[in-house]
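Structure, as structure tokens:
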Amino acid sequence: MNATKQIRSHIVLAAGIGMLAAMPAMAENLVFTSWGGSTQQAQQKFWAAPFTAANGINVAMDGPTDYGKFKAMVESGNVTWDVVDVEGDFAYKAAKEGLLEPLDLSKLKGVDPRFLSPNAVGSFYYSFVLGYNKQAVKGAAPAVWSDLFDMKKYPGKRTLYKWSAPGVLEIALLADGVAANKLYPLDLDRAFKKLDTIKSQIVWWSGGAQSQQLLASGEASIGMFWNGRISALQKGGAPVGMSWNQNLTAADMLVIPKGSKNKAAAMKFLAYATSPEAQAKFATDTGYAPINPQAKSKMTPAVVKTLPDQHVAGQINLDMKYWADNRDAIAKRWYAWQTQ
């Protein structure tokens, strides 16, 4: 399984991504790489565009994030990305491997310390939630992860995240009765045994847009989703619901690849993107929580109530450091099991 397929592969932004030649002439430029789709569109609208207007530094969009490409750039010394949105476990591992530039933490004001390290700063804070199609589900709405595995009560296809990453294995263990504080280290034998019980009914999603389509169409009646994707469907009037019980939380991180040719401009961008104003606008649009607590004072109370950090009862933090140390080994078993 190549590295590209071990990442979230969202739909890439429309024409213009990576088109460096089309950038207007400015004193400074930088390239921002993220996951595409509605998430990167929001990052472009609420972070990149106003940052350019305020600083005269053009931000070119590229994507989707590709860990294999990231590593190859750094190792070859031919780094064309300046700021990259990555998953937390990759940020930890990349820092250990010397793939990241150190950050000037003095420029990152008010960031929640949980999402700040010498080489990475939070991008946004999200949850995996249980989502369901109201028209496809009969009777009481599913509420906990064990419902995802109850084929008798909730028949039909279910959809799960395809890639080897934090989330699915934890969900299987929770559904099998493992206590939240006993999840790590993951009991892989037990997790795969539980997944075997629904394997024939799983439709895998590889990106957020695909997960939305599967649920909204009813092709999959129930599954795991990023909370912002369900929120977007609900805003659009789709007949979908979600349960925050046992929601699994994590944060994306922003990093500067080692060898970036525009580190000074990249640090200015990180300072802007993590500011209360930029975080508030992004969170309001996407449904993902801000990593700067001061952002909430700039959001409406109604929106704040919908964010992942407002659903702490039963909330479970995914252990990104565990995954950073074990992802490669888990991946070998994960992809072998999927193809059996």
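General remarks:
- Contour excess over end-to-end distance, with Cα ends at Gln340 and Lys109 and 0.36 nm allotted per residue: 78.3 nm
- Förster radius 30 Å - calculated FRET efficiency between Thr300 and Gln135, Cβ distance, rounded to 0.05: 0.50
- Using only alpha-carbon positions in the chain, the gyration tensor eigenvalues give semi-axes of 33, 22, 18 Å once each is multiplied by 5 and square-rooted (largest first).
- For the chain, accessible area per residue (1.4 Å probe, heavy atoms of protein chains only), Å²: 41 Å²
- Ordering of 136-147, 282-293 by packing [mean C-beta count within 10 Å, highest first]: 282-293, 136-147
- Span-like helix ranges in the chain, DSSP H, alpha carbon extent 30 angstrom or more, Kyte mean at least 0.0: none
- P(r) of region 275-340 over all Cα-Cα pairs, binned every 5 Å from zero, in whole percent: 3, 16, 18, 12, 11, 12, 11, 9, 6, 1, 0
- Over the chain: helical MRE at 222 nm, DSSP H runs n ≥ 4 each giving -39500 (n - 2.57), nearest 500: -10000 deg cm²/dmol
- As a ratio to 2.2 N^0.38 Å, the alpha-carbon radius of gyration for region 171-283 is 1.42.
- Approximate spin-label separation Asp328-Leu116, in nm, with each point projected 7 Å along Cα-to-Cβ: 3.2 nm
- Packing-based ranking, highest mean first, of 238-244, 188-194 given that Cβ atoms within 10 Å are counted: 238-244, 188-194
- Alpha-carbon centroids, region 138-158 and region 265-311: separation in whole Å: 33 Å
- Using the Karplus relation 6.51 cos²θ - 1.76 cosθ + 1.60 with θ = phi - 60°, the per-residue 3J(HN,Hα) values for region 29-37 come to 9, 8, 10, 10, 10, 8, 8, x, x Hz, with x marking Gly and Pro.
- Spherically averaged projected area in nm², based on the convex hull that wraps the Cα atoms of region 65-178: 10.4 nm²
- Among 81-93, 56-68, the peptide with the highest mean count of other Cβ atoms within 10 Å heads the list, and the full ranking is 81-93, 56-68.
- On region 182-239, 49 percent of the accessible area sits on carbon and sulfur atoms, based on a 1.4 Å probe.
The values are calculated or read from the model by the stated rules, or taken from the named source; none is laboratory data. Just so you know, these numbers come straight off a predicted model, no measurement behind them. Backbone-built Cβ (ideal geometry, glycine too); neighbour counts: all protein chains shown. The accessibility values were calculated without ligands, DNA or RNA, using every heavy atom of the protein model including side chains. Shrake-Rupley method; radii C 1.70, N 1.55, O 1.52, S 1.80 Å.
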